[in-house]
Every structure is written in C-alpha cells, then in structure tokens.
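What follows is a single structure, written as structure tokens, with notes after it.
What follows is calculated from the coordinates using simple rules that are stated; it is not laboratory data. Not measured: the values here are computed from a predicted model. In this analysis, Cβ positions are derived from the backbone assuming ideal geometry, glycine residues included, and neighbour counts consider all displayed protein chains.
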Amino acid sequence: MMNRNNNAQVGVIVAIMMVSLIVAVMVLIQVYYVPNWMKDKEANHMDNVADQFSNLKFSIDLQAMSHIDVPISSSITLGSKELPYFVSSRSFGSLNILPPTSSNFSVSVTSSSGMERNLYQNIIQPPYPKDIDYVDSISAFDLIINTLAGGDIFDVSINGNKNIEVNVSSDGSNYRISLKTINGTQVLFNQTIAYGIGSQEEYRINLLNPDYKFYTDILPYANAPYNVTVNGSSNGDFRVKCYQYDSATISLSYNLGSISYQSDNAYFVDQTYAYEGGAVILEQHDGEAIISPPFVSIRNYTIEHTVNLSIVDIKGMAGKTSASGYGTYSVRTNYSGYSDYMAMARNITINITTKYPSAWYRYMYSTIKSADVDNATYNLSAGNNYVLVVLYGPKGGSAHDINLFIRTTEVYAQVGPGWVT
C-alpha cells in the first residue's frame, strides 16, 4: 500500500514539474523571444515599405521623364500580421496623399538680378543694323525682300561675325539672288538660290533652310545666349521667331503635394516615409534622411554655374487620398503635364519649406560640395521648417553667370483601385 501511494505521489510531482517546465518555457518564449521576433518582423516590414516607396518613385520618375499618359500602380503594405499561437500585436499604418495645405512643402526661387527666357516674335524693318540680344534659340528666320534692286546686300552676324550674306544682282529686266554662308574663314555655302525674278515680285528666303548650312553647321555650335545682328538695304525685312533672355525680377513659388506613410508599430520604432518633390524621405524619432534623391543638380563650370531643378507636384483624387490598417493598397499615378522655366541670374535664392529640414539640408550640402562650388559663392542654412540656399555667380559683378532651369511635373495619384484620369 505504501509503495502504491509513493508511486502516485511521484507521478503527480513529475506531472507538476513537467507542466511547470512547459509553462516556464512558454513564458520565456512569450516574454523574451516573441517581442524580438515581432521586432524583426516589423523591421522587415519597414524595409519592405522603403523598397515600395522607391518603386513608387521609380514609377513617377518614369512617367515624368517619358510623359506617359498611362496609369501605373505601386503597392504599399500598411502593416504586418501577428504571430500565430502566441500573444502578439499587429502593426498598423496609414497612407495619405497630402495637398499643399497639409504637406507643408514648397519650393521658391528668387533673384533681383535675373533674365527670363521668353518668346520673341517680330518683323525687323529698316533702318539697319539692328540687334537681337541674348538669343537662346531660333525657330524661324526669314528674309523678305519687298523690292528687288541690283546691288542690294543683306547679312546676318552672330556675336559680330558675319555668317550669312545675300546679294541681289540685276540681269537685264530680271534679278538673281545668291546666298553665301560663312563660318570664320570657311565658306560653307555659296550658290545662286533664285534667278529670273521680276522686279515687282516679293521674294522670301528661309534662312534656316538646312541646304544653306546656317541652321545645321553654325547655330548648333553658337554658345547661347548669343547676339544676332541683321543688316541690309531698305528694300527688305527680317522675320524672326526665337527665345531670348529679358531683364526680370525672378520670383517663383511652387506649393506641392506629397505622399506620406506613417507606421503604428508595437515593437519596432515608428517610421514615416514621404515622397515630396521627387525625393523619398525616411523619418524616425532620432533623425531623418533622404533615401532616394530628387533630380536636383548644381554644376560648376568655373566661369558659370548651372542649377537644374526637376520638381514633382502630387495631385490627389477627391475621395481616394487615404487608407489605414494593415493590408496592402495600391497607389495609382498618372502623368498630367509639365512646365519649363529658364533664366539667367547674378545670384539666386532657393527656399525649401519642408517638415524634414535636416534631410534636405544634408542633401543640398552634399550636392553643392560634389559640384566643387567655391565656399565664397554660396550660403547654406536651415531652420525649423526650411532650408535656404543662396548661390552667387563665379564671376561676380554684373555678369549673369548662373543658368537656371526648372521643370515642374504634375502627377495625379489615388489610393485604391480605379482609374486615374
């Protein structure tokens, strides 16, 4: 009897010890391993979101560069699931397309000593000579001879060097027109282009005709901006369509929308990913950084600086600008249009208003330094919600030696299924 009781007691004690061991192991797993597993799980999810935002940027860049009017979908995963069989929490997130009033993101460019690129169209009439200054490109250039007279000469010069000469000669009651194209000491074209013309006829010459070599062999190699001088008798006019730079005060402001993801993690540090102005930014409690750069370039060509800004403005579709939870949602984007702005200046000021000034400051500092811009020709500063860049031309004085190019691209976006129009 005693042996049976002892055996029973031993069995109960062993059972209790086994249960206690299992409970201890489960508690150890729950208290120590589950939080670490979930922390790793949420960290992997944050890495996945970073990759997804990079893919979103790639899609928008593709649409902006190629002007593709076709919607592209990019997936964003808002959260991660809990572990099965153990007590754990899901992570959640929110995705929002923010208008400028909520994104608090804008870019402004100013200069009190600038020259803007504008379209110039005019019929230039005698008396000659007459100049067209600061020409960037020519798209139409005609000589219109209203009255034919033997001995008349018309010419076109770039930066003081004669490049086209048109001669009218008399051949009895008719007239002959010859054209010569010159590049320094080299004659590129020298032929009669019309003959047997009556004195009462108006004759129009397209000076950009590729056969005359002026359009193909001279203009492409002229350093813009250049000065064009037209000269000739009182019997002819010049019709010009070109882009030229005019003195102006530069004052540009772009208020821009953005796309933002915010995590609500239970174990890993909360992070925010934002697409603004063409950049992908990561923010967490201990700092922020641009992880996919925008297209902002500054080039130092010793005698001039070139600043190129390519800015993307995100426009949300009403009723489809947000999602929250833990599922995977698509962000559909569609290219809408773009506008270009070109100018020259003695100095420019770029003010970036943003929630992430530290990230933009480091990016602009790196961009300027990689361009080897002299420390004396720029100032860079940052505040609570802005980054300020002041750039001066390398020559100083009255030279307009900063070339500015800004492209603003408008992209429509929506969260969830449906067509972007």
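Quick check: net charge around SER310, other residues with Cβ under 15 Å of its Cβ, Lys/Arg +1 and Asp/Glu -1?
Values: positive: LYS57, ARG299, ARG407; negative: ASP61, GLU276, ASP313, ASP340, GLU410.
Around SER310, the charge tally is -2.
I need VAL230, VAL269 ordered by Cβ neighbour count within 10 Å, fewest first.
Details: VAL230 23, VAL269 13.
The fewest-first ordering by Cβ neighbours comes to VAL269, VAL230.
Total Lys pairs in the chain closer than 24 Å by alpha-carbon, pairs eight or more apart in sequence or interchain only?
19
Report the one residue of TYR392, VAL373, ILE16 whose Cα lies farthest in the direction of the positive end of the charge dipole of the chain (charges on C-beta: Lys and Arg +1, Asp and Glu -1; origin at the Cα centre).
Comparing the listed Cα positions along the dipole, ILE16 ranks first.
Consider the candidate values (i) 78, 48, 39; (ii) 151, 47, 38; (iii) 68, 48, 37; state which one is Cα extents along the principal axes in Å computed from the structure displayed.
Of the labelled values, this structure produces (ii).
Please give the calculated 222 nm ellipticity per residue for the chain, where each DSSP H segment of at least 4 residues contributes -39500 (n - 2.57) and the sum is spread over every residue; nearest 500 deg cm²/dmol?
Working: 4 runs with 78 residues, N = 421.
After summing the helix terms and dividing by the residues of the chain, the value is -6500 deg cm²/dmol.
If you place +1 on the Cβ of every Lys and Arg, -1 on the Cβ of every Asp and Glu, and leave all else neutral, what size is the dipole of the stretch 153-275 about its Cα centre, to the nearest 20 Debye?
Working: 7 positive and 11 negative charges, 78 e Å.
Dipole magnitude for the stretch 153-275 comes out near 380 debye.
To the nearest 20 Debye, how big is the dipole of the chain about its Cα centre, given +1 on the beta carbon of each Lys and Arg and -1 on that of each Asp and Glu? Let's see the in-between values first.
On the way: 25 positive and 35 negative charges, 232 e Å.
It works out to roughly 1120 debye.
If the only charges are +1 at each Lys and Arg Cβ and -1 at each Asp and Glu Cβ, what is the size of the charge dipole of the stretch 354-421 around the Cα centre, to the nearest 20 debye? Intermediate results must be reported in sequence, preceding the final value.
On the way: 5 positive and 4 negative charges, 32 e Å.
Rounded to the nearest 20 debye, it is 160 debye.
Sorted by mean Cβ packing within 10 Å, highest first, what order do the peptides 270-279, 346-355 take?
Details: 270-279: 23.3, 346-355: 20.4.
Highest-to-lowest ranking by the protection proxy: 270-279, 346-355.
Defining a contact as two alpha carbons under 8 Å apart and six or more residues distant in sequence, what relative contact order in percent does the chain show? Intermediate values should be presented prior to the final figure.
Values: 996 pairs, mean separation 94.3, N = 421.
Relative contact order, the chain: 22 percent.
Along the charge dipole of the chain, which of TYR226, TYR134, ILE281 sits closest to the positive end, that is, farthest toward it, with unit charges on the beta carbon of Lys, Arg, Asp and Glu (+1, +1, -1, -1)?
ILE281
With a 10 Å Cβ neighbour count serving as the proxy for reagent exposure, in which order, fewest first, do SER94, SER199 appear? Mind dumping the intermediate values first?
Working: SER94 16, SER199 12.
In order of increasing Cβ crowding within 10 Å: SER199, SER94.
Please give the net charge around TYR392, taking every other residue with its beta carbon less than 10 angstrom from that of TYR392, where Lys and Arg add +1 and Asp and Glu add -1.
Details: positive: ARG346, LYS395; negative: ASP374, ASP401.
In short, 0.
Neighbour counts of other C-beta atoms within 10 Å: give me PHE141, PHE92 arranged from fewest to most. It would help to have the intermediate numbers written out before the result.
On the way: PHE141 22, PHE92 17.
Sorted ascending by nearby Cβ count, the order is PHE92, PHE141.
When the gyration tensor of the stretch 119-247 is built from Cα positions, what are the square roots of 5 times its three eigenvalues, in whole Å, from largest to smallest?
Values: eigenvalues 125, 54, 27 Å².
One finds semi-axes of 25, 16, 12 Å for the stretch 119-247.
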